[in-house]
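**Student:** Here you go, one structure.
The values are calculated or read from the model by the stated rules, or taken from the named source; none is laboratory data. Keep in mind it's a predicted model, so treat the numbers as computed, not measured. Heads up, the Cβs are rebuilt from the backbone with ideal geometry, glycines too, and the neighbour counts pull from every protein chain shown. With ligands, DNA and RNA removed, areas are computed over all heavy atoms of the protein, side chains included. Shrake-Rupley method; radii C 1.70, N 1.55, O 1.52, S 1.80 Å.
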There are 4 protein chains.
Amino acid sequence: MNKTLVLIQCRDDLGLVALISKVLVNHRLNITAMREFVDELADQFFARVECDGAFFNENDLYSELRAALPEYSEVIINPKTEKRIVILVTKEYHCLGDALIRHYFNTLNASVCCVIGNYDTLKELTRKYEVPFHHVSHENKTKLVFENEISAVIDQYEPDYIVLAKFMRILSPEFVAQYEGKLINIHHSFLPAFIGASPYRKAFERGVKLIGATAHYVTNDLDEGPIIVQQTIPVNHTFSVFDMVTSGKEIEKSVLNKAMQLVFQDRVFRSGNKTIIFE
Amino acid sequence: MNKTLVLIQCRDDLGLVALISKVLVNHRLNITAMREFVDELADQFFARVECDGAFFNENDLYSELRAALPEYSEVIINPKTEKRIVILVTKEYHCLGDALIRHYFNTLNASVCCVIGNYDTLKELTRKYEVPFHHVSHENKTKLVFENEISAVIDQYEPDYIVLAKFMRILSPEFVAQYEGKLINIHHSFLPAFIGASPYRKAFERGVKLIGATAHYVTNDLDEGPIIVQQTIPVNHTFSVFDMVTSGKEIEKSVLNKAMQLVFQDRVFRSGNKTIIFE
Amino acid sequence: MNKTLVLIQCRDDLGLVALISKVLVNHRLNITAMREFVDELADQFFARVECDGAFFNENDLYSELRAALPEYSEVIINPKTEKRIVILVTKEYHCLGDALIRHYFNTLNASVCCVIGNYDTLKELTRKYEVPFHHVSHENKTKLVFENEISAVIDQYEPDYIVLAKFMRILSPEFVAQYEGKLINIHHSFLPAFIGASPYRKAFERGVKLIGATAHYVTNDLDEGPIIVQQTIPVNHTFSVFDMVTSGKEIEKSVLNKAMQLVFQDRVFRSGNKTIIFE
Amino acid sequence: MNKTLVLIQCRDDLGLVALISKVLVNHRLNITAMREFVDELADQFFARVECDGAFFNENDLYSELRAALPEYSEVIINPKTEKRIVILVTKEYHCLGDALIRHYFNTLNASVCCVIGNYDTLKELTRKYEVPFHHVSHENKTKLVFENEISAVIDQYEPDYIVLAKFMRILSPEFVAQYEGKLINIHHSFLPAFIGASPYRKAFERGVKLIGATAHYVTNDLDEGPIIVQQTIPVNHTFSVFDMVTSGKEIEKSVLNKAMQLVFQDRVFRSGNKTIIFE
């Protein structure tokens, strides 16, 4: 049987579940899994509804849901199942390699349109998977020129998301604004600890007993965007900075992959600087 | 505002969420959190619905829900918030002590009516918290006589649940049947590994790299009942059996507490030999 | 057979393991477990050596080890196995209750000499275990007077360690200096994230996906002392600040207990602002 | 400065650490990290000693260590740092892909000599990394013929280890005996739970709340060999068998990689059916 996925975000109000489920029933859609959440501080309602059934008039369903819901609601019916993504990298291979293999075997829930590197270190790896690699160096350029060149490459692919897979350049607010809501970053610490550069060195110097990684949407403020996934792993006094970097890569890879899966399966909603995740 | 909690289990059918939410709206109950699940193999629907609002006629609500739902449905409206429990112990203090302190500070979501021990080792600890302790020795008795004595004590307290907090006697099918669905046990392994006696010794001998604990409902088959909570922790070659027992106690305590919280907050449904848990 | 424990800290040098093991052999001590670590940045050597055998002249062993090791070395032979501790609390029961039960059943590796509270909330709980409770209010007093009163109580018990088990007052550098190396605190965040007050509120506002707890030695800088144990647990968007506080208590209790066990078993060495832990 | 690694296994005896460290000092080797363990039940001593310094006569060092240690001791000085491995696969790509990328970037501590598949599904993936792929089908052959064909391929590469990276055929005792101590397998459950085929289906049917993976040496008994690494991850009632398989792959990949790193860095000793691991 066909499946229908409905995503809803709107101002909270009485009886929303009843209103939504009534409209769905009228279109012969049977709810098989429904997740909803009310962010009381933000007065926002979020729902992700999986249904059995394929209606014949998506426009009608959309209109009826919008009519039933409060003003300014957002309704998405059957979002694209395979997202298009562009991956930005510098020199580290672990996150990119993992994504490329999943792309190759169709388990990423996304298609990697291209990889952009400010070094060409990962060109050969990328090309093994028949994915275009664009080398856009940042050297001897203003940040503006560099970012414009990157944008020019990104835009020709019209991606749904841009994934910063250990891209070690700080992006300008203007660049970020251009791709609002589409930028996903992996940061190599359990934010908000160790914001900014060299988190493993800082972790080593502080003598922490765990290190972590954080996948988040990118906003203007460095490492301050809505967090999607975080994990930590134990370390001890025998770990050098190098050992922390090595161990940390395993968790960076795992956390970024988890975040991508959640986002690409349309399980992540944003509410201000937080995420609501219907796993 | 008052809160209403509705628990539903029934045969699966089309449009159940719409039917349920419509009835709730008619009683001016606004759904603030709804969790539902369909066990497709068992063809069963489960829902836990939290609402804002206090209806005036619970009987009407119950009748309308029953009428809207398939035959043989179970509907519970506002289950008792503080369960009554009896705890059975042998000699180990860690699970009991943790429960008694929570009981004392009203954070157990349950009231400990009494403790029954087949040894009197934990009598003093129990009495510190003004909870009755009954010493029912198993020695020089048939199992039938022993269990009848325990039942006699249990029954005078009319508990909602009986918690086996490291009670080291195997209970007869007859005893278990008497308290069907009310018996919660903590087993000191990650079931189904190391069923039965001396799981830490078996774990030591097998050279596993993690040990665990499992909280489960008790059914006729030893250690085979529906699992509620499981956790594991790492061990290594330096752990003796004694070290495993010591470390294991921390996780037994944690797992049993977690399971009790879930059950006492009416977040656990049973479907055959499995649990559905709405955290 | 008797066991001997030797703790050594000194400047690093060539052949220290050989020197130490030779001295031990000369005293007919057989090494059963040896852990050592060189902090290269600090140029310090640390060792914890467990031996079978009971020598007849501890003074000789001590002198020979000191003679064999570089200048300014620290050697401790057979440290006290049951430490004396004083616990400082405010109103939260979970860490204290856990410690008291372990004290009562002799599994804390320490004896709780007394509990000091700036409120009397936990007096009854403490007294259940026949441990003295001293109520030293901070109200209507300067910090100096308050701390002097606490010191007066502490000092009459001559404790080896003072454990801040959710003691919610900031201590002055003078007070801390007085008990240098003896103060253990549990902080309710994964430091260095959320230093200072209300870490769970800050965690909620930041939208993190995990919360944590950190046990550390107290030094002059707030929440900046050497970390002993840290753990995190996952949270999600459904967690209110209250839910985080509730879940966090489980991990605070667990982390503080783990840290106490390590310290009281003489497994923790300090090297500057870090700890070396021989588990 | 040059580094020297010494591995020792022998019958336990008095003063072994002193004897060993004395010999090392005589060769101007300074111990920078020493890990040792006595398996009291097996009466065996194990040590892994890292030294600064490069002696000039390895034969002398070897002879002196053997002379100082009890009879039948095993001493290895500076084992090969890059092991040669052969990987056996069936159809699943996740473990192989991960290993190939690490091989390509020289972070596996081993070189993948070739991959052998009983299907050719992973041929293209393997060849991307310029690693030979041998398709040895099991169809229409006796197990003996099949295994002989595999052995013929393996033997031409003279590997140090053979890694079963989701190789879904059961190997005969004869085949296993041939590669005694060299076979590493990843099993998709937390052994000893769910030995044998279809562990995720069994896990689903049992309703467990966690799934796991186990890397172990292969011995004659199916899934009974010495365990190297185990990990678990939580699952819940919403997981289908397919979901468990999907989630499980992440942990299989992680556990197998961890085990390979430990073995290839000579951190794993075997004592009967257990492993001693000096991390």
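**Student:** Sticking with the crude label model, points 7 Å out along Cα→Cβ, report the distance from B:Y62 to A:E40 in nm, one decimal please.
**Tutor:** A separation of 2.9 nm, rounded to one decimal place.
**Student:** Using alpha carbon centroids, what distance separates region C:206-249 and region D:225-279, in Å?
**Tutor:** 28 Å
**Student:** A further question on this structure: Given a 1.4 Å probe and every protein chain left where it sits, what share in percent of the accessible area of region B:83-277 is carbon and sulfur?
**Tutor:** 51 percent
**Student:** Between region B:22-88 and region A:100-127, what's the alpha-carbon centroid distance in Å?
**Tutor:** Each part's Cα centre sits 49 Å from the other's.
**Student:** Let me ask something additional. Could you give the dipole magnitude of chain A about its Cα centre, charging the beta-carbon of Lys and Arg +1 and that of Asp and Glu -1, in debye to the nearest 20?
**Tutor:** 820 debye
**Student:** If I build a Gaussian network model for chain B, linking alpha-carbon pairs within less than 10 angstrom, which residue out of B:D12, B:D160, B:D43 has the largest mean-square fluctuation?
**Tutor:** B:D43
**Student:** Please work out the FRET efficiency for the pair A:K3 and B:N220, using the Cβ-Cβ distance as r and a Förster radius of 41 Å; give the result to the nearest 0.05.
**Tutor:** Efficiency for this residue pair is about 0.55.
**Student:** Once you list every other residue whose beta carbon is under 14 Å from the beta carbon of C:Y129, what net charge do they have if Lys and Arg are +1 and Asp and Glu are -1?
**Tutor:** +2
**Student:** Starting from region D:1-82, pick out the trypsin sites (Lys or Arg not before Pro) whose DSSP state is loop and whose Cβ has at most 13 other Cβ atoms within 10 Å.
**Tutor:** Here the trypsin sites (Lys or Arg not before Pro) that fit, given the DSSP loop and packing criteria, are D:K80.
**Student:** In degrees, nearest 10, range 0 to 90: what is the angle between the Cα axis of helix B:94-104 and the longest Cα principal axis of chain B?
**Tutor:** Its long axis makes an angle of about 50 degrees.
**Student:** Would you please give the FRET efficiency between C:S111 and A:T107, computed as 1/(1 + (r/R0)^6) with r the Cβ-Cβ distance and R0 = 56 Å, to the nearest 0.05?
**Tutor:** Here the calculated transfer efficiency is 0.50.
**Student:** While we're on this one: Putting +1 on Lys and Arg Cβ atoms and -1 on Asp and Glu Cβ atoms, find which of B:V136, B:P192, B:F146 reaches farthest to the positive end of the dipole of region B:66-225.
**Tutor:** Toward the positive end, the furthest listed residue is B:P192.
**Student:** Region D:1-105: which GluC sites (Glu not before Pro) are DSSP loop and have at most 15 other beta-carbon atoms within 10 angstrom?
**Tutor:** Answer by residue number: D:E40, D:E71, D:E82.
**Student:** Using a 7 Å offset from the Cα along the Cα-to-Cβ direction at both B:E205 and A:N148, what is the distance between the two label points in nm, to one decimal?
**Tutor:** 7.6 nm
**Student:** If you rotate chain A onto chain D, whose Cβ in A ends up lying nearest the axis, and how many Å away is it?
**Tutor:** With distances in whole Å, chain A gives A:K128, 2.
**Student:** Shortest first, in nm, what separates the label point of B:N2 from those of the same position in the other copies (7 Å along Cα→Cβ)?
**Tutor:** Its label point is 4.5, 7.3, 8.5 nm from the equivalent points in the other copies.
**Student:** Charges only on Cβ, +1 for Lys and Arg, -1 for Asp and Glu: so what's the dipole of the protein assembly as shown about the Cα centre, in debye to the nearest 20?
**Tutor:** 0 debye
**Student:** Can you tell me the relative contact order of chain D? Whole percent, Cα pairs under 8 Å, sequence separation 6 or more.
**Tutor:** 15 percent.
**Student:** Still on this structure, please answer the following. Any chance you could run the full-extension gain for A:A54 through A:N26? It's 0.36 nm times the residue separation minus the Cα-Cα distance, nm to one decimal.
**Tutor:** 8.9 nm
**Student:** Would you work out the charge dipole size for region C:136-226 about its Cα centre, treating the Cβ of every Lys and Arg as +1 and the Cβ of every Asp and Glu as -1, and quote it to the nearest 20 debye?
**Tutor:** That gives region C:136-226 a dipole magnitude of about 620 debye.
**Student:** Can you tell me the 0 to 90 degree angle between the C-alpha axis of helix D:241-264 and the longest principal axis of chain D, rounded to 10?
**Tutor:** Roughly 20 degrees between the two axes.
**Student:** Can you give the average number of partner chain beta-carbon atoms within 10 Å of each beta-carbon in peptide A:250-257, as a whole number?
**Tutor:** Mean partner shielding for this stretch: 2.
**Student:** Inter-copy label distances at D:K91, 7 Å along the Cα→beta-carbon direction, one decimal in nm, shortest first?
**Tutor:** 4.2, 5.4, 6.2
**Student:** Sticking with this structure for a sec: How tilted is helix C:16-26 with respect to the longest principal axis of chain C? Cα atoms for both, answer in degrees (0 to 90, nearest 10).
**Tutor:** With both axes taken from Cα atoms, the answer is about 70 degrees.
**Student:** Give the percent of DSSP beta bridges with both residues in chain C that are antiparallel, rounded to the nearest 5.
**Tutor:** Rounded to the nearest five, the antiparallel share is 70 percent.
**Student:** Now for a separate question. Could you compute the net charge surrounding D:K22? Neighbours are other residues with a C-beta less than 13 Å from the C-beta of D:K22; K and R count +1, D and E count -1.
**Tutor:** Here the charged neighbours net out to +1.
**Student:** Could you state how much accessible area is buried at the C-B interface, both sides summed, with a 1.4 Å probe, in Å² to the nearest 100?
**Tutor:** Chains C and B together bury roughly 1500 Å² of accessible area.
**Student:** While we're here: Taking each label point as 7 Å beyond Cα in the direction of the beta carbon, state the distances from A:Y72 to the same residue in the other copies, shortest first, in nm.
**Tutor:** For A:Y72, the inter-copy label distances come out at 5.0, 6.5, 8.1 nm.
**Student:** Classify the protein assembly as shown from the C-alpha gyration tensor, please: rounded if a/c falls under 1.5, else prolate or oblate depending on whether a/b exceeds b/c.
**Tutor:** It is rounded, given that a/c, with a ≥ b ≥ c, falls under 1.5.
**Student:** What net charge do the residues around A:F45 carry, taking every other residue with its C-beta under 9 Å from that of A:F45, with Lys and Arg at +1 and Asp and Glu at -1?
**Tutor:** Net of charged neighbours comes to -4.
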